[in-house]
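Heads up: the structure comes next, in structure tokens.
The values are calculated or read from the model by the stated rules, or taken from the named source; none is laboratory data. Everything numeric here is computed off the predicted structure, so don't read it as measured data. Note that each Cβ is placed from the backbone with ideal geometry, even for glycine, and that neighbours are counted across all protein chains shown.
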């Protein structure tokens with residue numbers, strides 16, 4: 001069935017939905033070769049060019065009737081981009097280029113043989129691993145939210161329906177499940193909000209259900225703004241219908257008739273795919289009035305945000321939807337009591353909503369069987385930093401930090417020593433290597449001063465400066481502060497000034513006490529979550545890495561050699577070849593010496609500290625490694 005050419009008809013009942021699903025499954029040829037190519041994040045590495053080249057080669061080899069190319073969302077393995085999986089063989093090819101496509105068509109698509117040079121290479125053993133399921137990055141994951149990402153074409157509702165999409169909605173409507181029963185199922189699952197705070201989803205839905213106002217709103221918060229985080233973006237790009245179905249179930253449970261997806265405009269592919277998903281769901285009778293012939297009606301609008309980090313805070317988000325400037329307001333009243341236009345409003349994160357359909361179809365007990373006592377299910381993390389396997393991973397709650405970094409992430413780059421991990425982005429905390437066996441769940445992270453957050457996880461080795469990391473996150477929150485309250489607007493700025501002073505070697509021991517005092521005051525007095533959590537990276541870094549701060553303050557040294565003002569460049573006189581390259585590259589003329597020429601002795605080069613602006617050009621240009629840092 002050429003789905004892209006299919007005219008979609010409105011489904012008038014759950015029976016028609018089920019019949020369509022059976023038809024789609026029957027039309028699928030399990031023996032047909034299918035190439036699953038990421039066409040979202042991998043585009044940045046040339047996936048679109050590789051796909052075009054592959055289509056050309058498929059034509060050349062007359063394979064058009066034997067091979068399908070499915071343009072999917074993110075496969076997760078971003079460090080291997082562009083990636084492609086070839087079914088039914090299960091081969092995964094990494095870092096493919098347009099130039100590789102002739103060989104792919106000739107060897108794999110035509111004969112089924114694997115091309116080993118394109119397979120994943122284990123960074124520890126050096127072995128090539130052809131099968132997607134055997135790669136450690138995937139082998140140690142458990143995909144629920146990401147179950148369809150990298151598998152379906154997100155622009156085709158039929159792909160989602162075929163893989164049991166909208167079955168949860170159909171089950172509720174066909175079996176006449178009462179709204180309070182749906183709420184109870186979500187409660188039993190133990191699902192907690194994945195946006196950062198971890199509030200129990202079932203309780204939030206119960207509060208919304210109990211509101212007497214006949215007008216209620218359900219909002220999907222897709223204003224993901226943490227540096228290095230792209231979990232929500234990947235879900236919306238790769239499987240937007242799972243979020244829409246989660247919203248439908250939630251709306252039914254709480255009695256909402258209008259929904260909004262609030263997505264930042266900097267996610268153009270996500271915005272486009274959500275728009276298409278809404279239009280297709282409406283055309284199929286899965287959104288709008290009298291859904292699947294029932295008396296249940298629900299409409300969704302897409303609201304594009306302008307990219308302000310503070311709009312991820314729910315009251316600022318609602319102000320933005322209402323057409324006002326995105327600034328937070330005091331609570332209470334809480335949105336569940338008085339939200340959009342004064343009506344009860346339930347706000348859930350993308351990942352939270354994407355968990356709903358599997359919970360309904362497979363049962364709350366199944367979901368509650370994963371994770372820990374207080375943190376059920378799985379969690380998506382965006383792995384970044386000094387780690388071999390960067391990308392998007394979904395792992396069971398309770399997995400240890402060690403397992404994520406070394407089993408899933410493939411270990412630290414260049415076999416360096418693990419130093420710390422930053423979870424929760426600008427609102428999170430720094431976890432030192434001493435806690436590498438810490439279980440990753442809401443309560444365990446809280447005990448060490450960190451938070452789950454939305455799922456950013458930045459791995460650091462000994463080359464990362466903790467002061468610099470704290471400064472980076474605080475600089476971000478200072479820039480993103482809306483300025484409405486004094487603790488956030490002024491307090492964070494003063495804290496950043498102290499960190500800058502420390503990184504310049506101008507700090508005094510009393511600065512640490514000042515930082516901690518200011519951080520506690522801001523946490524207690526800031527208006528919204530942005531200000532209240534912004535001091536966390538500073539507090540946890542001072543708590544766990546006080547010695548490193550003191551090295552900057554007392555010794556005037558940066559142990560990681562990252563803080564420019566605290567680095568001293570020198571030339572090893574014995575190693576210097578007197579070639580003069582360092583002197584020629586120096587923009588300030590801080591290097592003296594005489595080039596060694598034929599018949600002349602030459603004079604070893606020397607750096608004058610008073611003139612050196614510490615740009616590092618001499619260090620990077622010297623071919624003999626004679627320039628040293630201290």
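Give the residue that is surrounded by the fewest Cβ atoms within 10 Å (Cβ to Cβ), with candidates limited to residues of the stretch 81-103 that are closer than 11 Å to residue 50 by Cα and in contact with a strand residue (DSSP E or B) (Cβ under 8 Å, 6 or more places away or on another chain). Applying the filter and picking the extreme gives 100. Only one entry of 204, 216, 181, 188 meets the criterion of being free of Cβ contacts under 8 Å to residues at least 24 places away in the same chain and either within 15 Å of residue 247 (Cα to Cα) or surrounded by fewer than 17 Cβ atoms within 10 Å (Cβ to Cβ) (or both), and that entry is 181. Picking from 361, 374, which residue would you name as being modelled with pLDDT under 95, closer than 24 Å to residue 249 by Cβ and touching a helix residue (DSSP H, G or I) at 6+ places or on another chain (Cβ under 7 Å)? Criteria check complete, one pass: 374.
Each row is one residue, and each column tells you yes or no for (1) over 20 Å from the mean Cα position of the chain (by Cα); (2) closer than 15 Å to residue 543 by Cβ; (3) buried (at least 24 other Cβ atoms within 10 Å of the Cβ); (4) assigned by TED's automatic domain parsing to the domain that holds residue 196.
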{"site": "430", "(1), (2), (3), (4)": "no, yes, yes, no"}
{"site": "435", "(1), (2), (3), (4)": "yes, yes, no, no"}
{"site": "448", "(1), (2), (3), (4)": "yes, yes, no, no"}
{"site": "452", "(1), (2), (3), (4)": "no, no, yes, no"}
{"site": "455", "(1), (2), (3), (4)": "no, no, yes, no"}
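Can you work out which of the residues in the stretch 277-302 that are under 25 Å from the mean Cα position of the chain (by Cα) and either outside the structural domain of residue 197 (by TED's automatic domain parsing) or surrounded by fewer than 19 Cβ atoms within 10 Å (Cβ to Cβ) (or both) is nearest to residue 484 (Cα to Cα)? The residue in question is 302.
Yes/no per residue for (1) touching a residue at least 40 places away in the same chain (Cβ under 8 Å); (2) farther than 24 Å from residue 526 by Cα; (3) surrounded by fewer than 18 Cβ atoms within 10 Å (Cβ to Cβ); (4) more than 27 Å from the chain's Cα centre (by Cα):
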residue: 461; (1), (2), (3), (4): yes, yes, no, no
residue: 483; (1), (2), (3), (4): no, no, yes, no
residue: 486; (1), (2), (3), (4): no, no, yes, yes
residue: 495; (1), (2), (3), (4): yes, no, no, yes
residue: 504; (1), (2), (3), (4): yes, yes, yes, yes
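When the stretch 338-356 is filtered for residues that are part of a loop (DSSP other than H, G, I, E, B) and more than 16 Å from residue 199 (Cα to Cα), the ones remaining, listed by number, are 338, 339, 343, 344.
Pairing each residue of the stretch 14-25 that is under 16 Å from residue 174 (Cα atoms) with any residue that is surrounded by 13 or more Cβ atoms within 10 Å (Cβ to Cβ), provided the two are 6+ apart or on different chains, yields C-beta distances under 6 Å for 14/170; 14/173; 14/174; 14/292; 17/11; 17/170; 21/161. Picking from residues in the stretch 415-428 that are in contact with a strand residue (DSSP E or B) (Cβ under 8 Å, 6 or more places away or on another chain) and not in a strand (DSSP E or B), the one that is surrounded by the fewest Cβ atoms within 10 Å (Cβ to Cβ) is 417. Taking the criterion of being buried (at least 24 other Cβ atoms within 10 Å of the Cβ) and either part of a helix (DSSP H, G or I) or on the phi > 0 side of the Ramachandran plot (or both), the only residue of the stretch 437-446 that qualifies is 445. For the stretch 104-116, which positions are loosely packed, with under 15 Cβ neighbours inside 10 Å and either touching a strand residue (DSSP E or B) at 6+ places or on another chain (Cβ under 6 Å) or closer than 19 Å to residue 49 by Cβ (or both)? Hit for the stretch 104-116 is 116, nothing else. Each residue in the stretch 367-405 was checked for being assigned to a helix (DSSP H, G or I) and under 16 Å from residue 453 (Cβ atoms), and 2 pass. The test for being surrounded by 24 or more Cβ atoms within 10 Å (Cβ to Cβ) and not in a strand (DSSP E or B) holds for residue 359.
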